[in-house]
2 protein chains.
Amino acid sequence: MRVHIQNPENETLFPVTPAQWAAAVKRNPDMAGLRPSFAADEAGFQAAIGEAELLVTWVRIVHQRLAHEGLKPLAPKLRTIFCTSAGLDRLAPFDWLPEDVALLNNRGAHSVKAGEFGLMALLMLANHLPAFAQAQQRGEWAPRFGSVLAGRRLIVVGLGSLGGAVATRAAQFGMRVTGVRNTDRPHEACERVVTQDALDSVLPDAEFLVLACPLTPATRGLLDRRRVGLLPQGAKLVNIARGPVWDQDAVADALEAGRLGGALTDVAVPEPLPPGHRLWSVPGLFITPHMSVDDPETYNDDSLDILFANLRAAREGKPMANRIDPQAGY
Amino acid sequence: MRVHIQNPENETLFPVTPAQWAAAVKRNPDMAGLRPSFAADEAGFQAAIGEAELLVTWVRIVHQRLAHEGLKPLAPKLRTIFCTSAGLDRLAPFDWLPEDVALLNNRGAHSVKAGEFGLMALLMLANHLPAFAQAQQRGEWAPRFGSVLAGRRLIVVGLGSLGGAVATRAAQFGMRVTGVRNTDRPHEACERVVTQDALDSVLPDAEFLVLACPLTPATRGLLDRRRVGLLPQGAKLVNIARGPVWDQDAVADALEAGRLGGALTDVAVPEPLPPGHRLWSVPGLFITPHMSVDDPETYNDDSLDILFANLRAAREGKPMANRIDPQAGY
């Protein structure tokens, strides 16, 4: 099978390298027959795409080169696209995607990192770290004591690779986790799982709330102003999903009013958040610049293992676990 | 046995209450024979101390009322003092303590909280959170990716209740932990344990270093300027011990020079750190105001259980696990 790996130009942290590919094939010897090419420029892309059966690349490149032009004339032999991102919301709606082309996301590559980041965020909120960061800037030594996580009630919205990992870590620390997803199928880390329709009924019980769902038409604006109002006094929020999943201004207003006990967000609207934007100075809000779930040292190795597991499944006539459902949007 | 509980005046978070005492006796029914009195003022102290056989109180109160006056004339029947703090360094040297009076610390009450705080600090440093806190103040969106903890080398100085809990949490996340304490007795969370004499030999290997030892003459100035210089480029430091255990200015200099990869300290010299002090604005340093190991919601319950376990041991003719060794200083 002809595989083309198209890296972004000038990318230094995350390009998939021939050495990483070779190491991945060594770990997965049944993939030795794949014939890879690598490029990071336009000429390399044009030279390879006509023959490529599998394209490994970034969402941004799919968006620019395939989703806005006819895919078939450019890439007649292409049957699989593997995007090295978990969230493909930027490519929706998927009406550009031919039915005979499988689009794979990278769900799973982020789970260890996401579990650690989510747990860190919960511990930071339990210990008032956003407030201490701001007190430090004022030169103010003002002790407040925090609580251990055990026994605290946590709602995790989204139980995929990211949210599932956070729920699992939280449960290891004794938190009582309620999961919210599109089915009420049980999850081993959750005391109970409810569907998104039941979100209103569980929000009043959320001491902690983690947003970790994909951005889809169904989750855009999910935590709107009305639902922020359903949260209990002192609730603590984490967003590792996408900025538009919550009403950013409603959350900021609630923090300023002292209604919430703190928040940590790894996402914002817009990104990058410009200097002077209101969000930077909301009391009790800690902002990280969309870095929560990626570890350059392990990312591509994990990604290629995920790709190869999908290719192996396809060879065996099984469904590819990371294939996007164009209707569901993830 | 006559027990007197002397709380500080105007203390709202941590006073030991009659209700907490009653609940602890319910959990430990063999302690039903103890006869407690409670006070938070001078008159209450004076009325009770002459008959008290066991005093439950704070380090500060022992320091003010017993350690600087003759203990025996004031409290002739006193045989046990239980301080609701882990670190009793403020009471050293212990020449004021009669040989027939056992001084107990509260080692153990802080371990769950300390383990969570220490893990949080490690995750924050692995994810560059001190730098992001400062970037947020400047309104600067500048992504840097972090690493997972697995495989990283951590040195924990002090393997008591605090350091042992941090080492255990770190090992659960796959860190490779070297412990440093006053014996080389193995610890289940550590790949190896060395004595303080060998500290110089392990520092060059420390990607992460956690200080969690008691402050004693042997640990004062332990991480001095020379030893800061032995740490590898980019090392990340956590201090949940006491401010004088490290050379605060040497650490600040190394952070300003870009020699270290970040630090989080819960202690400072002096405390409270005054407004305008240099430490507040050191790049890559996150300061929390000495709140790392206490959880008001669980602290007194845990403390009383620890006290009762010691009293039970004494009744059975066994050593009291929390008794201070005046020579060792902890």
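Laboratory data are not the source of any read-out in this text; all were calculated from the coordinates shown. What you see is a predicted model; the values in this text were computed from it and never measured. As a convention, Cβ positions derive from the backbone with ideal geometry for all residues, glycine included, and neighbour counts pool all protein chains shown.
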In A, who owns the beta-carbon nearest the axis carrying A over to B, and how many Å from it?
A:Ala133, 2
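Among B:10-21, A:86-97, A:120-131, how do they line up from the highest to the lowest mean number of other beta-carbon atoms within 10 Å? Before the final figure, lay out each step's value.
Details: B:10-21: 13.7, A:86-97: 17.5, A:120-131: 25.0.
So the peptides B:10-21, A:86-97, A:120-131, ranked by packing, come out A:120-131, A:86-97, B:10-21.
Which whole number gives the average, over all residues in A:120-131, of C-beta atoms from other chains lying within 10 Å of the residue C-beta?
Numbers: counts 10, 5, 2, 8, 5, 0, 5, 10, 3, 9, 2, 0.
Taking the mean over all residues of the peptide, I get 5.
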Inter-copy label distances at A:Asp253, 7 Å along the Cα→beta-carbon direction, one decimal in nm, shortest first?
5.3
Would you mind listing how long chain A runs along its three principal axes, going by Cα atoms, in whole Å with the largest first?
62, 42, 36
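Using only Cα atoms, what is the ratio of the radius of gyration of the protein assembly as shown to 2.2 N^0.38 Å?
1.09
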So if I take the centroid of the Cα atoms in the range B:12-83 and the same for the range A:158-224, what is the distance between those two points in Å?
47 Å
Read phi for every residue in the range A:201-215 and hand back ³J(HN,Hα) as whole Hz from Karplus 6.51 cos²θ - 1.76 cosθ + 1.60, θ = phi - 60°, with x for Gly and Pro.
6, 9, 4, x, 9, 8, 5, 10, 9, 10, 9, 9, 9, x, 8
Lysines within cross-link reach of A:Lys236: Cα-Cα under 23 Å, excluding same-chain residues under 8 positions apart?
A:Lys113, B:Lys113
Looking at the range B:37-79, what % of the alpha carbon pairs are farther apart than 12 Å?
59 percent
How big is the convex hull of the Cα atoms of the range A:238-286, per residue, in Å³?
66 Å³
Work through the residues other than B:Gly70 whose Cβ is under 15 Å from its Cβ and net out their charges, Lys, Arg +1 and Asp, Glu -1.
-1
How tilted is helix B:161-172 with respect to the longest principal axis of chain B? Cα atoms for both, answer in degrees (0 to 90, nearest 10).
40 degrees
Would you mind ranking A:Lys113, B:Lys77 so that the residue whose beta carbon has the fewest other beta carbons within 10 Å leads the list?
B:Lys77, A:Lys113
About its Cα centre, how strong a charge dipole does the range A:163-296 have in debye, to the nearest 20, once Lys and Arg get +1 and Asp and Glu get -1 at the Cβ?
120 debye
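Counting Lys and Arg as +1 and Asp and Glu as -1, what is the net charge of the other residues whose Cβ lies under 14 Å from the Cβ of A:Leu154?
Numbers: positive: A:Arg152, A:Arg153, A:Arg169, A:Arg176, A:Arg192, A:Lys236; negative: A:Glu191, A:Asp205, A:Glu207.
So the surrounding residues net to +3.
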Taking the range A:111-287 as the region of interest, what is the percent of Cα-Cα pairs per 10 angstrom bin, listed from the shortest bin to the one with the maximum distance?
10, 41, 37, 10, 1
Whole-percent pair-distance distribution, where bins are 10 Å wide, for the alpha carbons of the range A:127-198
20, 36, 22, 18, 4
Whole-angstrom Cα spans of the range A:1-118 along principal axes, big to small
42, 32, 29
Using amide H atoms built in the peptide plane, which far-off residues or other-chain residues are under 5 Å from A:Ile5 H to H?
A:Ser37, A:Phe38, A:Ala39, A:Val56
If neighbour count is taken as other Cβ atoms inside 10 Å, put A:Val25, A:Val293, A:Val251 in order from fewest to most.
A:Val25, A:Val251, A:Val293
Within 10 Å of each candidate Cβ there may be at most 16 other Cβ atoms; applying that plus a DSSP loop requirement, which GluC sites (Glu not before Pro) in the range B:226-330 survive?
B:Glu297, B:Glu316
Within the range B:186-251, trypsin sites (Lys or Arg not before Pro) in DSSP loop having at most 15 other beta-carbon neighbours inside 10 Å:
B:Arg220
Estimated vicinal HN-Hα couplings, Hz - the range B:122-131 in sequence order (Karplus 6.51, -1.76, 1.60; Gly, Pro = x)
5, 5, 5, 6, 4, 9, 6, 5, x, 5
Run through the other copies and list how far each one's label point is from that of B:Glu51, in nm with one decimal, shortest first; the point sits 7 Å from Cα along Cα-Cβ.
9.8
Exposure-ranked with fewest Cβ neighbours within 10 Å first, A:Ser147, A:Ser292 stand as A:Ser147, A:Ser292
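First select every other residue whose beta carbon is under 12 angstrom from the beta carbon of A:Arg227; then total the charges, Lys and Arg +1, Asp and Glu -1. The partial results should precede the final answer.
Numbers: positive: A:Arg225, A:Arg226; negative: A:Asp200, A:Asp224, A:Asp247.
Around A:Arg227, the charge tally is -1.
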